Amino acid sequence: MAYRLPFTKLLHHPTKNLLILVFGSHFHALDTSTGALISTTRSLVSSSNNDSIDNNNTTVVNNTETDNSSSNSIHPKYIIPSTDAHLATIRTLAFYDRVYFNTSSSSISSTLLATSDENKILKIWNCDEWKLRNTRPVQKRVVSIAFNKDGSQIVIADKFGDVYSHPLDPPEDKQNASTLLLGHVSMVTDMVITPNNKYVITCDRDEHIRVSRFPKGYNIESYCLGHKQFVSKIHILPWANDLLISAGGDDFIALWDYVPGKLLQTLNIKEIIETKETYNDEEETYVDSEDSNSIVITSITSSPISKHIALTIEKFPGIVILDWNETEKQIQYLQTLNLSIDPLDLAYDIDGNLWVSNYVKEEQSNESLITVFKKNDNEYEKVPEDHSLVKQINEYGSTTVEIIPDLYITSQLRKNLVDWREQDDDDDDAQSLEGEGNNNTSKQKKSQGSKRNKKRVKIE
């Protein structure tokens, strides 16, 4: 039996109705104002009748509009040739808007998308026509991507602790024209460039957050120290660019004034999910009985419209919503959005609506891949399954695999579980999401996934 592969990454454009949904080595582009698919790198297969739309070696179709009149009639305006798509699992991606002037001195905005995969390939896409701009190899597997302020450089952080800068368009005679900016002695897990382009902020598996000057990364401005477990996510608040949120394997999230490295606040998230909410009409939550620091915060996103911050926690069937207290300049708990299934990633659109990708497993195959919570004043309302925002993406979904792989990979950063230094960078990716037509790989993933799954216990 074939199962739909969940969307592992969601990335929404900061100013446009554009959402990227990643599944394995492919992605869809979706208009979040209508729910219509704009572009795709893969054939679309309906979950209701197995109808498919083939895009093998198809060129861009400029005169075909999306048809929303029927649930079984869908034609993305741009179909990316399959020869341009990634061949391995996409791990990270980033947007950039380029503004330039034409001959009449009118400004024109062009959107770029950078994606990187497990085969150490970096691709840059033109999102206006959904064409591949360029592709190149990189030295190590990338964990985070960012553009500098003018878009001339792509900054990447890799799993072995180094941060490199690449030109937007590599010279023809040298595909890997990179410059080393900085390095950690531990695995870098996330990276951001500050909106003023002055600093590059990195975090690692050894609980460190480093603020370095950009582009001269050897000049360290400060460290943000206070975590006891790995730091997997850092996020600059869009309404307060001098403040940073960090989270990972600790019970809490932290708020920093990052330039001086000053800790402003910690908020205990584990305590919130243990005591604040009710699930399935019973008071319960799930933690790891073998680890006192059991929670792992896997995603952070925020909305400048509502000044809300949303979190996902590994193996927790809900979304924690935090609110910004402008008077106190602190974060406070607002509510938990209950889900029937564990979330994988999330993103706010430009209207403040929250998009959530669901970890749909074999026994939950009838569940939706995407859930949307519409923002209404200070409340969130889940849209019905037949709503236009989610109908197309849930029907045509992603791709199918024989076995749903273990997608919980963040908790492996705990030092008592995996020594990343013992992992051979050239080995096959045990976490690869493809698994199509490869039974041996699928069995290996299932075996590894069963070993990694933590025991859930009910909190009385």
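The values are calculated or read from the model by the stated rules, or taken from the named source; none is laboratory data. Just so you know, these numbers come straight off a predicted model, no measurement behind them. Virtual Cβ from ideal backbone geometry, glycine too; neighbours counted across all protein chains shown. Note: accessible area is taken over every heavy atom of the protein model, side chains too, but ligands, DNA and RNA are not part of it. Shrake-Rupley method; radii C 1.70, N 1.55, O 1.52, S 1.80 Å.
Taking each residue of region 184-204 that is over 15 Å from residue 162 (Cβ atoms) and looking for partners that are outside any strand (DSSP E or B) and hydrophobic (A, V, I, L, M, F, W, C) with beta-carbon atoms closer than 8 Å, six or more apart or interchain, yields 193/214; 194/214; 197/214; 198/214; 199/214; 199/259.
For residues in region 193-209 being open to solvent by 20 Å² or more (accessible area, probe 1.4 Å) and in contact with a Ser or Thr (Cβ under 8 Å, 6 or more places away or on another chain), which is nearest to residue 300 (Cα to Cα)?
For region 193-209, the residue satisfying everything is 208.
Within region 149-170, if we keep just the residues that are more than 19 Å from residue 213 (Cα to Cα) and open to solvent by 50 Å² or more (accessible area, probe 1.4 Å), the residue that is nearest to the chain's Cα centre (by Cα) turns out to be 160.
When 397, 352 are checked against the criterion of being modelled with pLDDT under 95, within 24 Å of residue 16 (Cα to Cα) and of a type in the set (Gly, Ala, Ser), a single residue qualifies: 397. Would you check if residue 305 is aliphatic (A, V, I, L, M), open to solvent by 40 Å² or more (accessible area, probe 1.4 Å) and in contact (Cβ under 8 Å) with a residue 40 or more places away in the chain? The answer is yes for residue 305. Does region 176-199 hold any residues that are outside any loop (DSSP other than H, G, I, E, B) and farther than 13 Å from residue 259 by Cβ, and which are they? The answer is 179, 180, 181, 182, 183, 188, 189, 190, 191, 192, 193.
Somewhere in region 236-246, is a residue surrounded by fewer than 24 Cβ atoms within 10 Å (Cβ to Cβ), under 23 Å from residue 164 (Cβ atoms), touching a Leu at 6+ places or on another chain (Cβ under 7 Å) and at pLDDT 95 or above? There is at least one residue in region 236-246 that is surrounded by fewer than 24 Cβ atoms within 10 Å (Cβ to Cβ), under 23 Å from residue 164 (Cβ atoms), touching a Leu at 6+ places or on another chain (Cβ under 7 Å) and at pLDDT 95 or above.
If you scan region 125-148, which residues turn out to be under 20 Å from residue 182 (Cα atoms) and either of a type in the set (Val, Ile, Thr) or more than 21 Å from the chain's Cα centre (by Cα) (or both)?
137, 138, 139, 142, 143, 145
Cβ separations smaller than 7 Å between residues 6+ apart or across chains give the following pairs from region 349-369 residues that are farther than 17 Å from residue 31 by Cβ and free of Cβ contacts under 8 Å to residues at least 60 places away in the same chain to residues that are assigned to a loop (DSSP other than H, G, I, E, B) and open to solvent by 50 Å² or more (accessible area, probe 1.4 Å): 367/340; 368/385.
Take the residues in region 172-189 that are within 18 Å of residue 248 (Cα to Cα) and either among the hydroxyl-bearing types (Ser, Thr, Tyr) or open to solvent by less than 20 Å² (accessible area, probe 1.4 Å) (or both); name whichever of them is nearest to the chain's Cα centre (by Cα). Ranking the candidates gives 189 first. Among the residues of region 91-121, those identified as among the charged types (D, E, K, R), open to solvent by 20 Å² or more (accessible area, probe 1.4 Å) and either farther than 12 Å from residue 13 by Cβ or at pLDDT 95 or above (or both) are 91, 98, 118, 120.
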